[in-house]
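What follows is a single structure, written as structure tokens, with notes after it.
The values are calculated or read from the model by the stated rules, or taken from the named source; none is laboratory data. Only a predicted model underlies this, so the values are computations on that prediction, with no experimental measurement involved. Positions of Cβ are generated from backbone atoms using ideal geometry, with glycine treated the same way; all protein chains shown enter the neighbour counts. To get the accessible areas, we keep the full protein, side chains included, count just its heavy atoms, and leave off ligands, DNA and RNA. Shrake-Rupley method; radii C 1.70, N 1.55, O 1.52, S 1.80 Å.
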Amino acid sequence: MTTLLRDDIAAAIKDGLARASTELGWPKVDGVPIEVVRPGNPEHGDYASNIALRLARQARMSPRDIAKAIRERVRVAPPIAAVEDLSGFVNVRLDEKWLAAQVDEIARAGAEFGRSKALAGKRMQVEFVSANPTGPLTVANARGGPLGDVLSSVLEFVGAAVEREYYVEDTGTQFDTFGRSIAIRYRQLHGEDIEVPEDAYPAEYVKDIAAEIKARDGDKWMKLPLEAQAKRFAPEGVEWVLREARRVTAMLGIHYDTWFSQAEMMRSGYFEKTLAELRKLGKVYEKDGAVWLQATEAVDDKEGWVLVRSNGDPGYLGKDIAYHVQSLRERGFDKKIDIWGSNTHYHLIQMRAAMKALGLLDKFEVVLYQYVRFLHEGVLKRMAKRSGQFLLLEDVIEAVGKDATRYFFLQSSADRQLDFDLELAVQQSNENPVYYVQYAHARIASILRTAAERGITSDGGDVALLTEKGELDLVRLALRLPELVDDIRQHYGVHQLTTYALELAGAFHGFYRDHRVVDEADAPRSKARLRLVQAVQVALRQTLGLLGVNSPDKM
RNA sequence: GACCCGGUAGCUCAGUGGAUAGAGCAUCACACUACGAAUGUGAGGGCCGCGGGUCCGAGUCCCGCCCGGGUCGCCA
């Protein structure tokens with residue numbers, strides 16, 4: 001399957017339109033794309049096009065006449081069985097023999113089903129989570145995990161070479177503060193009466209890190225002044241955090257290709273190089289001893305944003321621009337997709353302005369997800385590492401498992417805010433829709449086992465025997481997966497996969513009720529239906545695979 | 001004040017400008033001596049926040065307003 005079914009249908013309609021246009025002497029109607037959708041109402045066929053409605057004004061004809069003229073000229077040949085026109089729509093019905101034959105195609109394709117080469121040859125970097133390396137992963141900053149991981153999987157599925165990247169921000173103020181926080185705890189552990197200042201990280205894990213250092217080195221560092229200790233301990237703290245991040249993301253089934261260090265980027269000289277380029281472009285100015293980027297895209301009254309602080313330290317924006325330039329130029333990615341929390345939306349405005357100035361805007365994409373709050377003592381709260389108030393990702397995974405955790409994050413669109421109630425999540429984990437989908441998969445596996453025990457397999461099954469609506473509707477649904485994957489390639493709405501999984505599983509459960517698959521009295525039909533449920537299983541497995549969720553044969 | 005996201009069934013949410021707005025949960029009533037009941041069938045439940053506009057057609061696009069969340073730092 002090299003092209004998408006809907007594209008084939010659209011091409012057939014376009015061909016019909018072209019013929020109608022020449023035969024009837026219509027004015028030129030170039031440039032109008034043929035859109036094809038799956039109508040919600042089955043009476044309207046398998047695909048519908050609104051082309052006649054779109055053309056009506058321009059052609060100064062009634063939509064019905066246009067639709068009729070097109071309908072009469074669309075070539076009817078598999079996969080198309082019939083073309084109808086109704087209220088200005090051109091509706092297409094798929095050929096049922098052709099549909100049945102797709103069962104073999106899908107079952108045979110197996111792990112290849114749904115794949116494409118749409119992005120073959122493209123190198124893409126998907127950067128996600130990348131939380132400040134100053135504490136463990138919380139449910140808030142973890143939301144980017146499943147989003148980024150599944151998007152990466154989909155992009156790979158359509159042929160791209162994808163690198164999953166965790167950007168380690170191991171320079172800057174927060175990094176220094178983290179080191180100082182550890183140093184203070186270290187001193188406290190040695191009996192020093194020193195308070196934790198307000199801007200430090202107060203949480204318990206900071207003590208754990210300090211205790212680890214003490215256990216290993218004793219009072220070896222006590223003679224150093226605080227700032228020197230901070231410098232010494234910050235990288236150790238980051239090591240600890242990254243070790244945790246690696247472990248916990250792995251629990252979620254996420255495996256990064258690169259853990260890219262900001263410090264390393266700074267050492268590469270890219271920061272200065274990028275600054276020089278921006279300066280050359282005339283996008284940079286000096287004020288109050290700092291270096292600023294001109295806010296050409298500003299949506300408010302700001303004139304610019306700081307790239308280098310007046311104390312000489314590189315600012316976050318400057319570093320992030322340089323990091324992106326390095327990824328897209330030196331590291332050679334055709335596209336960099338960042339999965340960011342919505343609190344960075346102002347940063348995104350700044351980044352877009354910078355990327356535009358540098359001519360890299362078309363290679364820079366961001367998926368913003370809204371924040372996750374959590375229920376703490378009955379009250380919804382935002383999480384913040386610096387306030388020491390958060391719900392650990394690890395605790396959630398341990399409570400409800402990897403699959404339910406991933407599914408929870410992937411159910412709603414990134415644009416929607418999530419509220420997390422751990423108690424409720426545990427209580428409801430058995431009702432997580434992921435099990436509904438997995439159950440469909442396991443049920444099919446069970447049917448195949450039972451059939452095999454009774455000496456019936458799908459071998460030699462003739463899918464031409466699949467003629468019932470209930471049977472063919474399953475095929476129709478399965479065939480939607482490649483199109484859905486292509487939608488996600490374009491719009492990044494990975495949550496649609498969970499909706500689809502639910503729909504396919506539901507369709508199968510309904511089919512199961514009405515149709516006996518294994519029937520010793522009718523071996524040919526059994527074989528054909530076994531083939532069918534195998535195809536459904538393939539579609540389910542492919543979908544769950546993209547979601548990073550298991551496809552169990554037994555539950 | 002400016003900008004971003006959300007407001008759809010009691011709850012949680014789907015819904016690429018199309019034709020009669022969907023699912024899960026919850027409630028009620030049913031269905032296992034049949035391939036897995038973690039299932040299925042049926043019922044009830046909707047001014048798609050409000051008001052304008054564009055369009056042949058608006059839950060979807062535009063404008064205004066209301067409500068909830070977020071952001072606007074020489075932090076990251």
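At a glance:
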| item | result |
| --- | --- |
| Every residue from the range A:501-518 that is under 31 Å from the mean Cα position of the chain (by Cα) and near RNA strand B (Cβ under 6 Å from one of its atoms) | A:L502, A:G506, A:H509, A:G510 |
| Matching entry among A:A59, A:A69, A:A48 (being at pLDDT below 90 and open to solvent by less than 30 Å² (accessible area, probe 1.4 Å)) | A:A59 |
| Candidate set: the range A:81-103, residues that are buried (at least 18 other Cβ atoms within 10 Å of the Cβ) and within 21 Å of A:V32 (Cβ to Cβ); chosen: the one farthest from RNA strand B (Cβ to nearest atom) | A:V83 |
| Neighbours by Cβ (under 7 Å, 6+ apart or cross-chain): first from the range A:45-63, polar (S, T, N, Q); second open to solvent by 10 Å² or more (accessible area, probe 1.4 Å) and part of a loop (DSSP other than H, G, I, E, B) | A:S49/A:I34; A:S49/A:E35; A:N50/A:E35; A:Q58/A:V29 |
| Residue ranges of helices (runs of 4 or more DSSP H) in the range A:242-340 with at least 1 members in contact with a strand residue (DSSP E or B) (Cβ under 9 Å, 6 or more places away or on another chain), of a type in the set (S, T, N, Q) and more than 30 Å from A:A414 (Cβ to Cβ) | none |
| Residues that are of a type outside the set (F, W, Y) and open to solvent by less than 20 Å² (accessible area, probe 1.4 Å), drawn from the range A:495-532 | A:L497, A:T498, A:A501, A:L504, A:A505, A:V517, A:V518, A:S526, A:A528, A:R529, A:L530, A:L532 |
| Identity of the residue in the range A:393-420, of a type in the set (S, T, Y) and under 24 Å from A:M555 (Cβ atoms), that ends up nearest to RNA strand B (Cβ to nearest atom) | A:Y407 |
| Enumerated helices (runs of 4 or more DSSP H) restricted to the range A:4-117, each holding at least 3 residues that are in contact with a Gly (Cβ under 8 Å, 6 or more places away or on another chain) | A:51-59, A:63-71 |
| The one condition in (1) open to solvent by 50 Å² or more (accessible area, probe 1.4 Å); (2) under 30 Å from A:F113 (Cα atoms) that A:G145 fails to fulfil | (1) |
| Every residue from the range A:535-546 that is touching a Ser or Thr at 6+ places or on another chain (Cβ under 6 Å) and open to solvent by 20 Å² or more (accessible area, probe 1.4 Å) | A:R541 |
| Test: residue in the range A:368-375 that is out of contact with any Ser or Thr (no Cβ under 9 Å at 6 or more places or on another chain), basic (K, R) and not in a loop (DSSP other than H, G, I, E, B) | yes |
| A:I456 being open to solvent by less than 10 Å² (accessible area, probe 1.4 Å), within 11 Å of RNA strand B (Cβ to nearest atom) and of a type outside the set (G, A, S) | no |
| Top-ranked residue of the range A:297-309 - restricted to ones that are open to solvent by 80 Å² or more (accessible area, probe 1.4 Å) and at pLDDT below 95, ranked as nearest to RNA strand B (Cβ to nearest atom) | A:V299 |
| Given (1) open to solvent by 60 Å² or more (accessible area, probe 1.4 Å); (2) modelled with pLDDT under 90; (3) within 13 Å of RNA strand B (Cβ to nearest atom), number of the condition A:E423 does not satisfy | (3) |
| Pick from the range A:342-367, criterion in a strand (DSSP E or B) and within 12 Å of RNA strand B (Cβ to nearest atom), ranking: nearest to the chain's Cα centre (by Cα) | A:V367 |
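Results for (1) within 13 Å of RNA strand B (Cβ to nearest atom); (2) out of contact with any helix residue (DSSP H, G or I) (no Cβ under 8 Å at 6 or more places or on another chain); (3) at pLDDT 95 or above, shown as yes or no for each residue.
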site: A:T467; (1), (2), (3): no, no, no
site: A:D473; (1), (2), (3): yes, no, no
site: A:I488; (1), (2), (3): yes, no, yes
site: A:R541; (1), (2), (3): no, no, yes
